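Student: Sharing a structure with you now.
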């Protein structure tokens, strides 16, 4: 299961949003959610957490327990946090128990390429920016 996610952050006005998408049983699921605007890096971490929770809620506990999930992000920050096993990443890892396995894959963002990863990454970027602009915080 490929789970794409992205975060968007603005200083003025201070706002943030996350976007996520995945396909399951022939249906596409999208998440566009405003979040507390801490800073751009923490918003990227929230994108991963929110995406995992969204996937779990969308398919249910029983199904998610059998899933091998690959979280796809364009955030180098998320990759560094995961590699260094920081406290921020430890909070994300708490969600891993809901799935059979979870791994991380980082893609290059905003490159204008027409690869599948690039197109889906642009889609989650739009979802995150839409939520950020709406300023609907949780």
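Student: If each residue's Cβ is checked for other Cβ atoms within 10 Å, how do 104, 3 rank with the fewest at the top?
Tutor: The order, fewest Cβ neighbours first, is 104, 3.
Student: Where does the chain land on the Kirkwood hydrodynamic radius, alpha-carbon pairs, in angstrom?
Tutor: So the Kirkwood estimate lands at 14.8 Å.
Student: Moving to a separate point now. Report the residue, chosen from 51, 82, 128, that carries the largest GNM mean-square fluctuation when the chain is represented by alpha-carbon nodes joined by springs under 10 Å.
Tutor: Residue with maximal mean-square fluctuation among 51, 82, 128: 82.
Student: Taking the highest mean first, how do the peptides 57-65, 37-45 order by number of other beta carbon atoms within 10 angstrom per residue?
Tutor: Sorting 57-65, 37-45 by mean packing, highest first, produces 37-45, 57-65.
Student: Another one. Could you tell me what fraction of 2.2 N^0.38 Å the Cα radius of gyration of the stretch 66-120 comes to, as a two-decimal ratio?
Tutor: Ratio of Rg to 2.2 N^0.38 Å for the stretch 66-120: 1.27.
Student: Let me have the relative contact order for the chain, percent, based on Cα pairs under 8 Å that are six or more residues apart.
Tutor: 38 percent
Student: Which order do the peptides 15-22, 86-93 come out in when sorted by mean C-beta neighbours inside 10 angstrom, highest first?
Tutor: 15-22, 86-93
Any read-out appearing in this document is the output of simple, stated calculations on the displayed coordinates, not a laboratory observation. Note that this is a predicted model, so its numbers are computed, not measured. Ideal geometry is used to build each Cβ from the backbone, glycine not excepted, and the neighbour counts take in all protein chains shown.
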